[in-house]
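Structure first, then comments.
The values are calculated or read from the model by the stated rules, or taken from the named source; none is laboratory data. All values derive from a computational prediction rather than experimental measurement. Cβ: placed from backbone, ideal geometry, glycine included. Neighbour counts: every protein chain shown.
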Amino acid sequence: MSRAMNTAITAMKANQTKLDVISNNIANSTTTAFKSSSVNFADTLYQASAGASAPTANTGGTNAQEVGLGANVSSIDKLMSTGNMESTGRTLDLANDGDGYFIVTKGSADESLPITNNAFDTSGTGTATGTTYDTAYTRDGNFHLDENGNLVTSNGYRVMGYYAGSSAYTVTNGVISISETGLADPDTSTYDGTKLQPLVIPSTVTTSGTTTEAVTGFAIGSDGVVTITVGSGKTYAIGQVARANFTNPEGLEDKGNNFLAQSGNSGAAQISSCKTLASGTTDNSGSFGAIRSGYLEASNVDLTTEFANMITTSKSFQAASKMITNESDMLDTVIGLIR
């Protein structure tokens, strides 16, 4: 096969990959919190028929004579800009107006993950409870409540966060108990910043150990604090939605269902501080931006750009295929010489 035909094939393969990425961008132009991707090319090896030479006393220098052998995909990059905030009117729809990802798990309902210095504890000083089958990260805040009051994603992963201080808020065998004195003022409530647990928004609570009250409403603040209102009209803070961020968010691996997973090049997850800091913990909550309840983040795909890229990439693919046709005609001519 001729060198030109091989070169044209590399161009077709590279442009086909770019068309695949463009197609995926267009398909996800209305997907919640989707991040578009772009493809970059690089030239491949060169074949030199003559090397470069330096000037001499009698002749000038000459440049190398090199023929390129095509192109390949050098990188597929993500555009990490935040999409527009779209109003939904649902309290359980949450959007990150800034950096950060919601932390979701598939595992035991009593799961807890230890936190030390705004990171998952991997040193062994903290102990996880329950069984974690999968931990993922997402910017898709389209959450729901299951029959037990768990805050979950559309496919059942539990949303993780901080509980209010254990002396004021306890969960025993599915029954939530609230201390009147401990949580009377949501603005001064304390939170257990040593571990993440699945957040629960109950339908009833036991206050002061004896009185069962129906939960008549709930809200999620811009700082992620979850508050409930009971039948008596009192409001209690019961927890706070946690978020994670990474040194290199582009390094996260897509897992489908709007889920992302930590990779070797994303860096370890940095966890947002809870409202009440534990001793020695640095407050990093300001770097995560605000949570917008009643909104979802739209896809950041720009359809105008994608259609323009589709046209130019298709033309490049067609030009490469034309080169193969021309090479085929030339080979036919050579074969005809021996007839």
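Just name the residue that is surrounded by the most Cβ atoms within 10 Å (Cβ to Cβ) out of those in region 287-339 that are part of a loop (DSSP other than H, G, I, E, B) and not charged (D, E, K, R).
Looking only at region 287-339, we keep the residues that are part of a loop (DSSP other than H, G, I, E, B), and these are 289, 294, 298-302, 337-339.
In the following step, the residues that additionally are not charged (D, E, K, R) were identified as 289, 294, 298-301, 337-338.
Working: GLY289: 18, GLY294: 17, ALA298: 18, SER299: 19, ASN300: 19, VAL301: 23, LEU337: 6, ILE338: 5.
Residue satisfying both the conditions and the ranking: VAL301.
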> Looking at (1) out of contact with any helix residue (DSSP H, G or I) (no Cβ under 9 Å at 6 or more places or on another chain); (2) touching a residue at least 60 places away in the same chain (Cβ under 8 Å), which is the only condition PHE317 fails?
Replying inline: (1)
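In this structure, does THR194 turn out to be more than 20 Å from the chain's Cα centre (by Cα), at pLDDT 75 or above and not assigned by TED's automatic domain parsing to the domain that holds THR31?
For THR194, the condition - more than 20 Å from the chain's Cα centre (by Cα), at pLDDT 75 or above and not assigned by TED's automatic domain parsing to the domain that holds THR31 - is met.
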> Counting only residues that are assigned to a strand (DSSP E or B) and under 18 Å from ILE115 (Cα atoms), which one in region 226-247 is modelled with the lowest pLDDT?
Replying inline: GLY239
> Which residue pairs have Cβ atoms closer than 7 Å, lie 6 or more positions apart in sequence or on different chains, and pair a first residue in region 54-81 that is at positive phi and among the small types (Gly, Ala, Ser) with a second residue that is surrounded by 13 or more Cβ atoms within 10 Å (Cβ to Cβ) and not in a loop (DSSP other than H, G, I, E, B)?
Replying inline: GLY70/ASN6; GLY70/THR7; GLY70/THR10; GLY70/ALA11
>> Test of understanding: among GLY156, GLY161, which residue is of a type in the set (Gly, Ala, Ser), at pLDDT 60 or above and surrounded by fewer than 12 Cβ atoms within 10 Å (Cβ to Cβ)?
In response: GLY156
> Pairs, please: C-beta under 6 Å, at least 6 apart or cross-chain, first residue within 17 Å of THR194 (Cα to Cα) and in region 267-295, second at pLDDT below 70 and not in a loop (DSSP other than H, G, I, E, B)?
Replying inline: SER272/SER285; SER273/SER285; CYS274/TYR191; LYS275/TYR191; THR276/TYR191
> If you take the residues in region 52-96 that are among the small types (Gly, Ala, Ser) and outside any loop (DSSP other than H, G, I, E, B), which one is farthest from the chain's Cα centre (by Cα)?
Replying inline: SER53
> List pairs: first in region 15-37 and without any contact (Cβ under 8 Å) to a residue 60 or more places away in the chain, second among the polar types (S, T, N, Q) and part of a helix (DSSP H, G or I), Cβ under 7 Å, 6+ apart or cross-chain?
Replying inline: SER37/ASN25
>> Go through region 209-225 and report how many residues are over 21 Å from ALA242 (Cα atoms) and assigned to a loop (DSSP other than H, G, I, E, B).
In response: 2
> Residues of region 13-39 being under 20 Å from the mean Cα position of the chain (by Cα) and of a type outside the set (Gly, Ala, Ser), which ones?
Replying inline: VAL21, ILE22, ASN24, ASN25, ILE26, ASN28, THR30, THR31, THR32, PHE34, LYS35, VAL39
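Yes/no matrix, rows are residues, columns are (1) surrounded by fewer than 16 Cβ atoms within 10 Å (Cβ to Cβ); (2) not polar (S, T, N, Q):
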| site | (1), (2) |
| --- | --- |
| ASN6 | yes, no |
| THR10 | no, no |
| LEU19 | no, yes |
| THR30 | yes, no |
| ALA42 | yes, yes |
| ALA48 | yes, yes |
| ASN58 | yes, no |
| GLN65 | yes, no |
| ALA71 | no, yes |
> (1) in contact with a strand residue (DSSP E or B) (Cβ under 6 Å, 6 or more places away or on another chain); (2) closer than 21 Å to TYR101 by Cβ: which one isn't true of GLY256, the others all being true?
Replying inline: (1)
